[in-house]
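In what follows, a single structure is set out as structure tokens and then discussed.
The values are calculated or read from the model by the stated rules, or taken from the named source; none is laboratory data. Because the structure is predicted, anything quoted here is derived from the model rather than measured. Quick reminder, even Gly has a Cβ in these numbers, built from the backbone with ideal geometry, and neighbours come from all protein chains shown. These area figures cover heavy atoms from the full protein model, side chains too; ligands, DNA and RNA do not enter into them. Shrake-Rupley method; radii C 1.70, N 1.55, O 1.52, S 1.80 Å.
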Amino acid sequence: MRYSIQEPTLIRLVHRVGPLFWDSDRVGQVREKGLDDFVTQADLAVQETLRAELSRRWPGIGFLAEEDASRPADRERPLWILDPIDGTNNLIHGFRESAVSLALWDGRRTVMGVVYNPFQQETFSATLGQGARWNGRPIRVSDRPDLAHSLAIFGTSPYEKERADQVFRQAKEVYLRTEDLRRGGSAALELCKVAAGRAELYFEFDLKPWDYAAGQLILREAGGTCTDLTGGPLPVTENADLLTTNGRVHGEALALLGL
């Protein structure tokens, strides 16, 4: 890829939109997109702020973002993949588990990712082949060897409640085989928690590219494994059923959850 982009530069740009998460006027302006699916003026402000700055600095890189997903994007060319606020429902309720998720796709693979939670002042980042970081410090997945000694995270697929029986059946199976379950409500942050060794397993159905593009690179660069629920590679620029682990428990998790 011909563009010269440094990870610290991208982090500084993402940090600039942090104050928008605290803007109660924008957060309070909510529009319903679908069943339990909301967008706030804060989402839109984050997206347009980053779009303008990224386009100014690196013209020619395309843009795939949650709040204008209907715009065509050429997946065979470089793209920014952005979720301006992953965890909008959390933001609306003051739950403080929300993040900006920004990834750089070079036309074949994800080469850089940043996930930033302004509420906790946590920044997870990675560049392909250069490892993963939390607030600038290297991170690695945990070395727990099996599900019996693992903490698991799952997503509830809240926009597809017709899948509730499947989701909670799978969650029960995981709960019975692991130490415990967690649910935070931001896919990007859940991936980063596994990357940082805070949990060993995370799975969720039908994630969108902007939900996981940055987080899956951070997870891989931290030594973890990320596949779909058949064990196949993730498409990254398409929707996917996702399974991510510390690597050591991946086979056992696939046997339990695999489709």
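When residues of the range 113-132 are filtered for being within 17 Å of ASP86 (Cβ to Cβ) and open to solvent by less than 20 Å² (accessible area, probe 1.4 Å), how many remain?
10
Looking at the range 140-161 only, could you name the residues that are assigned to a helix (DSSP H, G or I) and under 27 Å from SER101 (Cα atoms)?
The one that is assigned to a helix (DSSP H, G or I) and under 27 Å from SER101 (Cα atoms): LYS161.
Restricting to the range 164-210, name every residue that is open to solvent by less than 20 Å² (accessible area, probe 1.4 Å), farther than 19 Å from VAL249 by Cα and not in a strand (DSSP E or B).
VAL167, GLY184, SER186, ALA187, ALA188, LEU189, PRO209
Within the set of pairs 6 or more residues apart or between chains, which connect a residue that is among the acidic types (Asp, Glu) inside the range 239-251 to a residue that is assigned to a loop (DSSP other than H, G, I, E, B) with Cβ atoms less than 6 Å apart?
ASP241/LEU229
Does at least one position in the range 59-74 carry a residue that is within 25 Å of THR244 (Cα to Cα) and in a helix (DSSP H, G or I)?
Checked against the condition, which is being within 25 Å of THR244 (Cα to Cα) and in a helix (DSSP H, G or I), the range 59-74 yields at least one hit.
Of all the residues that make up the range 133-148, how many are under 10 Å from LEU219 (Cα atoms) and either more than 17 Å from the chain's Cα centre (by Cα) or open to solvent by 70 Å² or more (accessible area, probe 1.4 Å) (or both)?
1
Would the range 225-240 turn up any residue that is among the charged types (D, E, K, R), touching a helix residue (DSSP H, G or I) at 6+ places or on another chain (Cβ under 7 Å) and open to solvent by 20 Å² or more (accessible area, probe 1.4 Å)?
Looking through the range 225-240, at least one residue is among the charged types (D, E, K, R), touching a helix residue (DSSP H, G or I) at 6+ places or on another chain (Cβ under 7 Å) and open to solvent by 20 Å² or more (accessible area, probe 1.4 Å).
Six or more apart or on different chains, Cβ atoms under 9 Å: show the pairs whose first residue is in the range 50-71 and closer than 18 Å to ASP83 by Cβ and whose second is aromatic (Phe, Trp, Tyr) and assigned to a loop (DSSP other than H, G, I, E, B).
ILE61/TYR3
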